[in-house]
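**Q** One structure, pasted below without further comment.
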Amino acid sequence: MQVNLTSDTATKPTPAMLKAMFAAEVGDDVFRQDPTVNELEATAAARFGMEAALYCPSGTMTNQLAIKCHTQALDEVLCEEKSHIYQYEGAVYSMFSSVGVNLIRGERGKILPGQVTAAVKPRYDWLPISRLLVIENTCNKGGGSVYTIQEARTLVQEAKSSGLAVHLDGARLFNALVETKESPTEWGQLFDTISICLSKGLGAPVGSLLLGPAELIARARRYRKVIGGGMRQAGYLAAAGLYALNHHVDRLAEDNARARRLAAALAPLPFVASVEKTETNICIFHLAADLMAADFLETLASHGIQAVPFGPQTVRFTTHLGVTDEMIDYVINTCSSLS
Ligand SMILES: *Cc1c(COP(=O)(O)O)cnc(C)c1O
């Protein structure tokens, strides 16, 4: 059996999604004449009760367009040190927006109450200007950790009372919402801008959306174009995103449950030192004593199981649309037999 637990980006379109893609009506989206892209943007904006949305090739682009639109050169962005915008976006904020970051050390990628207020810099000519707070829900490097709306509200209030804008990196926001049962509109009301990924657990092959006020999204659209992100008949891809928003949100609860089943099964194994709290579809665990992640992953690969290292002795398993209960049984049996 082959099981790919490397990432929830490993998904491929289902036959029904492919059918929707082939049937898409398209036009030139740079002229805003692609009806499917327009429908995707309108659907996503409405889902979150926000004014407008922008379809982009990736979540890196939606996050960086948000930073660009919220900041000016020599400002700084407050974020948790495990955040994707800091860890995995090549420090491009420094080039594209000419801003720095102010890193906050929270817990499992989550900023704690009081930490935003404490991190905001006073206004002196020699200091960066704290301009934007970014929080990530769920936090990837935090092991798929979930903010509740109350937790987020506290941080947003701290940011707003210091005059900061707030952006939510919600690449996996729906993985959180199926657990907390909160509505997207509650989150839409709280944040100035939100980024969501269609190509992770939702199962579309490509794409992310930036949601926000119409005026800001219009500026983001122009920046998207000039950095080469204007896509022409993008409706073929947008159709997959629309299909995902309409059919693949609720099923994320299954991915989350499968990751938790993995976590529970791994915890007692002798070669596992500890398993991080697993709330959604990401299970991070640490190997015992002298077992290195590279060696462990090679052994798993010889059994057809793929995963990624998350440190010298740390491994990440990620569940998604392409992982079934039978595959989880197989991974659990294989790991058990190794000990
Ligand atoms: C995947 C991801 C992104 C965007 O990544 P792309 O590969 O650029 O689409 C942004 N934020 C988080 C938390 C992610 O996991």
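**Q** Considering only C-alpha atoms, what is the centroid distance from the stretch 195-235 to the stretch 252-286, in Å?
**A** Cα centroid of the stretch 195-235 versus Cα centroid of the stretch 252-286: 32 Å apart.
**Q** Can you give the charge dipole size of the chain about its Cα centre, rounded to the nearest 20 debye, using +1 on the beta carbon of Lys and Arg and -1 on the beta carbon of Asp and Glu?
**A** Once rounded to the nearest 20, the dipole reads 500 debye.
**Q** Per residue, how many Å² of accessible area does the chain show with a 1.4 Å probe?
**A** For the chain, the solvent-accessible area averages 41 Å² per residue.
**Q** Given an 8 Å cut-off on Cα distances and at least 6 residues of separation, report the relative contact order of the stretch 251-338 as a percent. Let's see the in-between values first.
**A** Numbers: 131 pairs, mean separation 26.1, N = 88.
Once normalised by length, the contact order is 30 percent.
**Q** If you don't mind, there's one more thing I want to ask. Could you tell me the distance between the Cα centroids of the stretch 28-88 and the stretch 128-179, to the nearest Å?
**A** Between the Cα centres of the stretch 28-88 and the stretch 128-179 lies a distance of 15 Å.
**Q** Percent of accessible area on the stretch 14-247 owned by carbon and sulfur, 1.4 Å probe?
**A** 54 percent
**Q** Still on this structure, please answer the following. Is the shape of the stretch 105-247 rounded, prolate or oblate, going by the alpha carbon gyration tensor and its root eigenvalues a ≥ b ≥ c, with a/c under 1.5 for rounded and a/b larger than b/c for prolate?
**A** oblate
**Q** With a ≥ b ≥ c the root eigenvalues of the C-alpha gyration tensor of the chain, is it rounded (a/c under 1.5), prolate (a/b larger than b/c) or oblate?
**A** oblate
**Q** Taking Rh as the Kirkwood radius, which is the inverse of the mean 1/r over Cα pairs, what is the Rg/Rh value for the stretch 251-338? Spell out each step's value before the answer.
**A** Details: Rg = 11.9 Å, Rh = 12.8 Å.
So for the stretch 251-338, dividing Rg by the Kirkwood Rh gives 0.93.
**Q** Rounded, prolate or oblate: which fits the stretch 173-253, taking a ≥ b ≥ c as square roots of the Cα gyration tensor eigenvalues, rounded meaning a/c under 1.5, else prolate when a/b beats b/c?
**A** oblate
The values are calculated or read from the model by the stated rules, or taken from the named source; none is laboratory data. On a predicted model such as this, the values are computed, not experimentally measured, just so you know. Virtual Cβ from ideal backbone geometry, glycine too; neighbours counted across all protein chains shown. Ligands, DNA and RNA are stripped out before the accessible areas are found, and what is left, the full protein with its side chains, is counted by its heavy atoms. Shrake-Rupley method; radii C 1.70, N 1.55, O 1.52, S 1.80 Å.
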